[in-house]
Amino acid sequence: MQKILKIFVVFWTALSLTGCAPSLHPFFTDEDVVFDDALLGVWISDSGKKCIITRSGDKNYELLYLDDSAWRFEARLIELGGARFLDLFPKPLGNEMGLNPANLVPAHTLARVTIGVDSISLAMMDVDWLKRLSDRNQLTLAHERLDDGMIALTAPSWELRAFALKHAGSNEAFGEAEVFRRLKSDK
């Protein structure tokens, strides 16, 4: 049981350190999901972080994020009013944890994405911005404020979509974008 709690704490700590705002529900409906081959590939940022994005099914991606540790996500590219986002949902890296998935509460996170010719930029929805809205009673989405101050969004998908669309162009809502460049193969 302590091992499960430790992993849960590490997961939530990682989310809070990266400024991600977790949601119990996805930020999309099936009609919002699009697929763009330009997102596929191996990407690296100036800070050395790496993303490997592969196709997973008809309109889904798998995103492997490599930093000091590895994180794997089921990703959906969604389009809302001309703005593009990635809805990220954690996937286990394998059975090495030996955990029953029912003991963990996975959460969706949202990143605004811009796809260039050989670059992508990802800007995560900023949890500190959500905290400020909540502190001023201006966060109209259903949410829970956890003991550590973390915000967990509990609103249904249709409200999350509207909220993301309303704030799509806000640099305050979506933190500074991290730019990744495509790694070229030597072929």
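All of the numbers you see were taken from the coordinates with simple rules; none came from a lab. Computed from a predicted structure; not experimentally measured. Backbone-built Cβ (ideal geometry, glycine too); neighbour counts: all protein chains shown.
Summary table
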{"quantity": "Qualifying residue in the stretch 145-164 (condition: free of Cβ contacts under 8 Å to residues at least 24 places away in the same chain and among the β-branched types (Val, Ile, Thr))", "calculated": "no"}
{"quantity": "First in the stretch 76-89 and more than 11 Å from residue 164 (Cα to Cα), second anywhere and of a type in the set (Ser, Thr, Tyr) and in a strand (DSSP E or B), Cβ under 7 Å, 6 or more apart", "calculated": "77/61; 88/109"}
{"quantity": "Residues that are touching a strand residue (DSSP E or B) at 6+ places or on another chain (Cβ under 7 Å) and without any contact (Cβ under 8 Å) to a residue 24 or more places away in the chain, drawn from the stretch 106-123", "calculated": "106"}
{"quantity": "Exclusive hit being touching a residue at least 24 places away in the same chain (Cβ under 8 Å) and either crowded, with 17+ Cβ neighbours inside 10 Å or over 21 Å from residue 33 (Cα atoms) (or both), set 168, 173", "calculated": "173"}
{"quantity": "Residues (of a type in the set (Ser, Thr, Tyr) and more than 18 Å from residue 42 (Cα to Cα)) located in the stretch 157-187", "calculated": "157, 170"}
